[in-house]
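Below is one structure, written out as structure tokens, with a few remarks after it.
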Ligand code: ADP
């Protein structure tokens with residue numbers, strides 16, 4: 001027999017809030033309960049100031065649910081209760097300005113960050129995270145102050161790709177210090193929950209976690225923040241594109257993905273919420289044999305460039321399918337930092353140049369307070 005919501009709530013209802021007289025269910029602290037084939041996820045909403053000392057409460061809640069028959073895994077996260085419970089209104093299509101995310105008219109979620117750029121894809125497995133990581137590192141190599149937010153909450157891969165282990169600290173109990181490696185500050189749900197934990201989140205919970213990672217992390221002053229988006233173009237992605245103040249989006253796609261029109265869905269999603277698409281990157285574009293150097297167009301390369309032209313979107317560049325890219329990105333030593341003089345690093349740096357030029361143009365036009373120039 002699989003476990004039911006009411007059994008879970010009954011178990012959680014026996015846990016008292018250590019600072020209050022009631023249990024955590026009666027206090028309305030349990031949010032976003034998800035039950036899926038014996039895997040349970042929920043958040044415990046607490047006042048931000050209490051977050052730091054409530055880890056034992058989170059653990060106790062997980063343990064209580066784990067003890068129920070039929071439960072395979074439990075993921076409980078503490079999320080900060082918002083003072084203002086009203087949701088920020090989504091940015092209406094056509095409302096702009098998307099030129100500067102924390103610019104006039106944009107939201108001040110992360111005031112020290114000049115521009116936030118999403119790296120997105122129409123579906124999973126196209127190399128979005130690899131591209132996001134190498135792009136962030138290439139921007140840092142230009143001397144920019146760069147942060148990376150792993151918003152791929154369903155399958156966070158940045159801790160592994162950036163070669164960062166451990167947990168972020170919170171010196172004041174209110175904000176988290178981001179993790180960092182290779183000169184890039186990094187924050188990921190993967191630092192907060194172990195990698196093998198099944199990630200079952202519902203939309204509101206995902207947004208809560210994401211907004212917290214933007215708002216409650218001491219990012220400091222950054223020129224640009226790269227957001228590794230969850231793959232796909234569903235509701236969660238759309239909400240994210242609306243609620244995170246984005247300067248623009250980079251779409252990563254493979255040649256076959258282009259053929260299947262998945263990339264086009266990604267493009268349309270950002271257009272719907274008035275976020276400028278900075279361009280398309282064709283990943284796994286062609287294959288170079290590591291033995292003989294022979295170049296092979298396995299998937300019929302070049303589709304992205306043509307598709308970008310057709311859609312009136314810039315083409316940012318192509319990255320070959322190469323074992324060195326896979327080994328370095330999966331090994332926590334991305335190719336831009338481990339083989340900075342190689343061809344692949346050069347290709348990523350060229351893409352970074354184009355992206356930065358577009359972001360800068362957007363920032364300038366936002367500062368000028370004139371009519372917004374859509375950078376496309
Ligand atoms: P996504 O974020 O789209 O799911 P990842 O970046 O995690 O995709 O990439 C999926 C797999 O493909 C990873 O093992 C990664 O190392 C590998 N990969 C990505 N880009 C390339 C490339 N250009 N050449 C070789 N392997 C790649």
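Points to keep in mind about this one:
- Nitroxide proxy distance, nm - points 7 Å out along Cα→Cβ at residue 292 and residue 22: 7.4
- Once the Cβ-Cβ distance of residue 167 and residue 49 is raised to the sixth power relative to R0 = 25 Å, the FRET efficiency obtained is 0.80.
- Counting DSSP beta bridges with both ends in the range 208-334, the antiparallel % (nearest 5): 15
- Sorting the segments 8-17, 241-250 by their mean number of nearby beta carbons within 10 angstrom, highest to lowest, gives 241-250, 8-17.
- For the pair residue 68 and residue 272, the difference between a 0.36 nm per residue extended length and the Cα-Cα distance amounts to 69.0 nm.
Just so you know, all these numbers are worked out from the coordinates, no wet-lab data involved. Keep in mind that this is a model prediction, so the values were computed, not measured. Note that we place each Cβ from the backbone using ideal geometry, even for glycine, and neighbour counts take in every protein chain shown.
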